[in-house]
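These notes are about the structure you will find just below.
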Amino acid sequence: MRRHLLPALLGVVSVVCTVVGLSVGPTTAGAERSQDPPLPAPEAPVLSPRRVPALLAQPVGTARLTQALRGISESTPASTCLLVTEGSRVLFEREADQPLAPASGMKLLTAAAALERLGADGRLRTEVVTPTPPVGGVVDGDLWLVGGGDPVLGTSAWATAVPDHPQPYTSLEELADAIARAGVAEVRGSVVGDESRYDRVRYVASWPQRHVVGNEVGPLSALSVNDGFAEWKPVNVPFADPAAGAAGVFTELLRQRGIVVGGEPAAGSAPPDAAPVAGIDSPTVAELVTHMLRESDDGTAELLAKELGLRERGSGTTASGVAVIAATLETMGLPTGGLSVRDGSGLDPGNRASCRLLHDVVAAGDGGPLDEGLPVAGTTGTLTRRFLDTPVTGRLRAKTGSLRGVASLSGVATTVGGFELTFSSIVNGTDRLGEGVPLQDALGTALVRYPDLPGLDEIGPAGYASAP
């Protein structure tokens, strides 16, 4: 490379010098020019590499980055796409429009649609209602816990179960406190959980069974408490009936506050004329999206998809939700060619998206909740233990995606040279750990090193690198 680089650089310098020479050529003010003081002698030859203009740095850096990315790309299967840009300038592209399985990269699309349709400041409300108002502190019948699709409704014990990954949550204890403040002292009936806002399909039918059997995601419900899990230590144990399970947890919280509950928890649909006793709102959609991306929360992604289906098509189902996601992305003017949305989380191997789409979603989210939700290398979320003690630590923010045969990474790299590169990489047909992670490590390293300029000892004659 060295034997080709110096002539090219010197050629550019020669052109620059010629242009400068023409611009200060003979004029009618020759007498005045002859009185100018002589220029100081150059400290180095005119064609020294030290005279290479700074504007040449970026093209040289781009060439080096392209070479590195080409090497990485050539070691991947045919079912691979990669797109890297700096602003509007494409630095590298390989099959950027090829639709591939993105794994959890799909959450970027769910996030974009949720922010667009539900609004960053939107919230999901859980209510407690009763057909007849309490009299003298007594509810003469059932108390209904009505789910509003809040994916982070739960108890403090659940929310703090993983200290290294704190999450926003809607406190069920606070809702129980609100019932006590409303003056309720006794419920002669039962606490009944109402999940009728969405359908009762617990898992997406096309998911591989290992996700269900392994309890990687809890049963989906509009009234999901503690992610739908009755137990989470040492292993996740899902509620057999999420709505009845939620009612049971709430019953216990009421009793802890001295409220008498006569009946056993149950599930059902609240009467349409029931009046609210108390309620509690979820964190904002922006906060939910940020958490979902950072921790790759499958349950949150799926419930947001169902909420999109309900709001936009009147049906709280996965089928309606994914149709809204696809339509929303198209309405936003994003490149949706080849897009196939099967779920909100990316667990379905039938999802398809291109690197260009994921790249453009990341670029469009600059500075917003989507951008804030990107895990940071060696620091937060799913990248907490990745890129540790490397130049990439703290410089790369990206959404990970990992399934059998799939490794994806899409985000932003802040380079050592002060540039911001937006990128998306999807590899299908690879072992995600044995091959996919090392490829992503190499990609992250190449990106943050940009422009990775050659030293003078590489492009100039001997001695220039140490010359004054």
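If R0 equals 30 Å, the separation of the Cβ atoms of A78 and R313 corresponds to a calculated FRET efficiency of about 0.20.
Computed from Cα atoms alone, the Kirkwood hydrodynamic radius reported for region 164-215 is 15.4 Å. Under the classification rounded if a/c is under 1.5, otherwise prolate if a/b is larger than b/c and oblate if not, where does region 232-281 fall, given a ≥ b ≥ c as square roots of the Cα gyration tensor eigenvalues? Prolate, because a/c is 1.5 or more and a/b exceeds b/c.
By other beta-carbon atoms within 10 Å, ranking T155, T290, T160 with the fewest at the front produces T160, T155, T290.
Each label point was placed 7 Å from the Cα along the Cα-to-Cβ direction; for R70 and R188 their separation is 8.3 nm.
Distance between the pseudo-spin-label points of D389 and V212 (7 Å out from Cα toward the beta carbon): 4.4 nm. Sorting 369-376, 76-83, 295-302 by their mean Cβ neighbour count within 10 Å, with the most densely packed peptide first, gives 295-302, 369-376, 76-83. Could you give me the ³J(HN,Hα) list for region 229-242, computed from phi with Karplus coefficients 6.51, -1.76, 1.60 and θ = phi - 60°, whole Hz, x at Gly and Pro? Each residue's phi maps through the Karplus curve to give 9, 6, 9, 9, 9, x, 9, 6, 10, x, 5, 5, 9, x Hz. For region 348-362 versus region 393-426, the spacing of their alpha-carbon centroids is 14 Å.
For the peptides 247-257, 428-438, 317-327, the ranking by packing is 317-327, 247-257, 428-438, with the highest mean count of neighbouring Cβ atoms within 10 Å listed first.
With both labels modelled 7 Å from their Cα along Cα-to-Cβ, the S340 to D366 distance reads 3.3 nm.
Per residue, the convex hull spanned by the Cα atoms of region 295-402 amounts to 106 cubic angstrom.
Our summary of shape: the Cα atoms of region 188-234 have principal axis extents of 43, 28, 11 Å, ordered from largest down, in whole angstrom. When only the Cβ of Lys, Arg, Asp and Glu is charged (+1, +1, -1, -1), the dipole of region 123-283 relative to its Cα centre reaches about 140 debye.
Distance from the Cα centroid of region 129-177 to that of region 278-293 is 15 Å (rounded to whole angstrom). Note on region 123-283: the alpha carbon radius of gyration divided by the globular reference 2.2 N^0.38 Å gives 1.03. Sorting the segments 224-233, 182-191 by their mean number of nearby beta carbons within 10 angstrom, highest to lowest, gives 224-233, 182-191. Taking only the alpha carbons of region 66-195, we obtain Rg and Dmax values of 25.0, 78 Å in that order.
FYI, it's all coordinate maths here, none of it is from the lab. Only a predicted model underlies this, so the values are computations on that prediction, with no experimental measurement involved. Virtual Cβ from ideal backbone geometry, glycine too; neighbours counted across all protein chains shown.
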